[in-house]
Amino acid sequence: MVTTTLPTRPLAPPPARSRTGDDVLAVAWAPGAAPPREVRVRPEVLERLRTVPDAAGRPLLGDPAGVPVVVDPALPRHPGFEVRRVPPR
């Protein structure tokens, strides 16, 4: 199992940015939804996310702490990711 992190809030994308990172962050931080606990992605989605920079040009994934990302090859090919949320109290 591979674990990494996403930023805690989505950032405004630069014009040439891949939509993969935008899609994952939009689902993870959907208005009205519980906060994300972790994001599970297929290996090929992780590779796409590693190539997506944030607005400052840094990689989208990695430290400092954010939302953990776990590689799960058993996920369906579409959409290729799943957001697990903090349970209600």
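Please treat every number below as a calculation from the coordinates, not as lab data. None of these values were measured; they are calculated from a predicted model. Every residue, glycine among them, receives a Cβ derived from its backbone with ideal geometry; neighbour counts consider all protein chains shown.
Below are the figures for this structure:
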quantity	calculated
Residue order, fewest to most beta carbons within 10 Å, for GLU82, GLU44, GLU38	GLU44, GLU82, GLU38
Calculated FRET value between ARG19 and ARG50, using beta carbons and R₀ = 22 Å, to 0.05	0.90
